[in-house]
Structure formats: structure tokens, C-alpha cells
Amino acid sequence: MANIHPTAIIGSNVHIGEGTEIGPHVILEDGVILGCRNRLRAGVYVGSGTQMGDDNDIHMRSVIGHMPQDLSFKNEPSFTKLGSRNVIREFVTIHRGTRGGTSTILGDDNFLMAYCHVAHNCIVGNRVIMVNQASLTGHCLVEDQAFLSGMTGLHQFTRVGRLAMLSALSAVNKDIPPFMTCGGRPAVVVGINVVGMRRAGINQETRSEIKTAYKLLYRSGLNVSQALALMKEKLKSPEAGHLIAFIEASERGILDGASEGHSEEETLKARK
């Protein structure tokens with residue numbers, strides 16, 4: 001049985017799963033679907049077309065599934081879909097899809113800290129961390145286990161690869177390849193996420209392949225096409241294959257590398 005505070009406002013045709021807690025002054029618009037054991041704390045606003053899995057913790061004053069900030073929005077029915085076990089901290093905003101029938105999607109086990117923003121039609125994978133005020137504009141893709149530091153901004157349609165890490169105060173206008181660390185305004189790639197790969201259980205041989213890929217892309221003087229050709233020839237791990245496929249699918253292009261003066265080669269050697 002759900003626990004619903006008497007001050008909450010519940011629209012029509014709302015489904016609330018077993019064990020869900022609806023706090024004071026929460027608003028659930030018509031047609032919202034909530035799974036089991038979710039906790040919606042004081043003042044949370046959930047818009048029509050929102051579907052949520054189980055065991056999510058939505059903190060005070062967050063807004064999930066409200067209309068997008070898009071001048072082309074025609075008020076057509078669209079969706080916001082959240083998986084399970086997400087932690088959404090205070091004042092986070094996640095907007096629904098901008099065109100009829102489209103969705104903004106957040107997977108499982110993500111942690112969005114206070115004041116983060118996920119715009120219309122973004123897709124965020126699993127175990128992603130977004131630090132305070134990290135913002136995604138429309139149609140961005142963030143793959144599993146990426147880490148976006150505080151007060152970072154991404155251009156529309158930008159993609160962030162698996163286990164990529166973006167430093168604070170950065171502005172991104174091209175795709176961030178998987179396993180890379182980057183930062184700046186505009187952001188540039190400065191190395192590989194060795195610690196993140198270790199924590200994810202990626203073995204030494206595969207980490208060495210990703211390091212080789214980084215050198216081919218950013219330290220060899222080759223263009224991207226030439227580097228990709230050599231990567232396909234030399235690298236055989238599934239992770240390297242994912243990196244290659246990500247780059248080949250890029251429409252905006254991938255981030256440039258830092259100048260030699262900003263190389264993290266010595267740091268990477270120390271962490272190996």
C-alpha cells in the first residue's frame with residue numbers, strides 16, 4: 001500500500017505502486033505511472049506522461065516530466081521514462097520529449113545532484129553521475145558510467161561515451177569518446193579514465209588497448225580516419241570495439257586533444 005500525504009495533489013488515472021511514499025505538497029499530473037517503493041519527497045512535481053520504475057528517491061522540489069523549454073513544442077503528448085534506483089537530488093529538472101510520442105529517458109542507478117538539468121529527448125544510461133548544476137541540452141546521449149562534474153554544459157545532440165569523465169566548468173561542443181577524460185572551454189581530451197576503468201573491472205590488457213587508442217587518436221599526428229584504421233587493425237577487445245563504433249557513429253565529430261603541454265602521459269604511467 002502506498003503512503004500518500006494528505007496535502008499531495010493526485011491527478012486522474014495515476015498509478016502508484018506498492019510501498020511508494022508521496023510526501024507533502026507533491027503534485028502528480030494525470031496519467032503518471034509510478035512503480036513500487038519510490039520516495040517522492042516534499043514538493044516534487046511529476047508531469048503527465050511520466051513513467052517511473054522502482055526504488056527511486058526523488059528529493060525536494062525536483063520537477064520530472066514537465067514541458068520542454070523548446071520554442072517548437074506544440075503541446076503534443078510526450079513522455080519521460082525513468083528506470084529504477086535513481087537518486088534525484090533537490091531542484092533537478094528533467095523535461096519530457098518535445099515532439100508527440102517521443103521520450104526523455106533515464107536508465108537505472110543514476111545519481112543526479114542538486115540543480116542538474118536533463119532537457120527534452122536526452123537519453124541517459126545507467127550508473128551515470130551528474131554533479132551539481134551539470135546540464136544536458138536537448139537530444140544529448142550519455143552512456144553508462146559517465147561522470148559529468150559540476151557546472152558543465154553540453155551542446156545539443158552531443159554524445160558522451162561510456163566511462164568518460166568531464167571536469168568542472170567545462171563546455172562541450174563535440175562528442176566525448178568513451179573512456180576519455182576531458183575538460184576546458186571548449187573541452188579537449190587530456191587522457192584516459194584509468195581509475196574509472198579499474199573500478200569497472202576492466203582488465204590491464206584492455207586498459208592498455210584503450211591507452212594505445214588514445215595515443216593513436218591524440219598523440220600520433222594522424223587524422224581520425226587514419227587513427228581508426230590502425231585501431232581496427234591493432235585492437236581486439238570489446239571495449240576498443242565500442243570506442244571505434246562510437247567514433248564512427250559521431251555526427252558532430254569528437255573532441256580535439258589537448259596540446260602537448262597539457263599531456264597527462266606521466267600521470268597515466270603513475271596510475272598504471
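Annotations for the structure displayed:
- Residues in region 1-46 that are of a type in the set (D, E, K, R) and outside any loop (DSSP other than H, G, I, E, B) were compared, and the one that is farthest from residue 78 (Cα to Cα) is 21.
- Some residue of region 137-151 being out of contact with any His (no Cβ under 9 Å at 6 or more places or on another chain) and either assigned to a helix (DSSP H, G or I) or aromatic (Phe, Trp, Tyr) (or both): yes
- Residues in region 90-102 that are under 18 Å from residue 45 (Cα atoms) and surrounded by fewer than 20 Cβ atoms within 10 Å (Cβ to Cβ): 90, 91.
- Residue check, residue 109 touching a Cys at 6+ places or on another chain (Cβ under 9 Å) and within 26 Å of residue 128 (Cβ to Cβ): no
- Looking only at residues of region 92-128 that are outside any loop (DSSP other than H, G, I, E, B) and among the hydroxyl-bearing types (Ser, Thr, Tyr), we find that the one that is farthest from residue 52 (Cα to Cα) is 93.
- For region 26-46, the tally of residues that are out of contact with any Phe, Trp or Tyr (no Cβ under 7 Å at 6 or more places or on another chain) and either among the hydrophobic types (A, V, I, L, M, F, W, C) or surrounded by fewer than 16 Cβ atoms within 10 Å (Cβ to Cβ) (or both) stands at 11.
- Test: residue in region 77-91 that is closer than 20 Å to residue 151 by Cα, modelled with pLDDT of 95 or more and not in a loop (DSSP other than H, G, I, E, B): yes
- Some residue of region 202-210 being loosely packed, with under 13 Cβ neighbours inside 10 Å and assigned to a helix (DSSP H, G or I): yes
- Annotation note: of 233, 209, the sole residue that is over 26 Å from the mean Cα position of the chain (by Cα) and more than 19 Å from residue 259 (Cα to Cα) is 233.
- Filtered residues of region 166-182 (kept if in a strand (DSSP E or B) and surrounded by fewer than 23 Cβ atoms within 10 Å (Cβ to Cβ)): 171
The values are calculated or read from the model by the stated rules, or taken from the named source; none is laboratory data. It should be emphasised that the depicted structure is a prediction, and the values quoted were computed from it without experimental measurement. Counting neighbours? That spans all protein chains shown, and the Cβs are built from the backbone with ideal geometry, glycine included.
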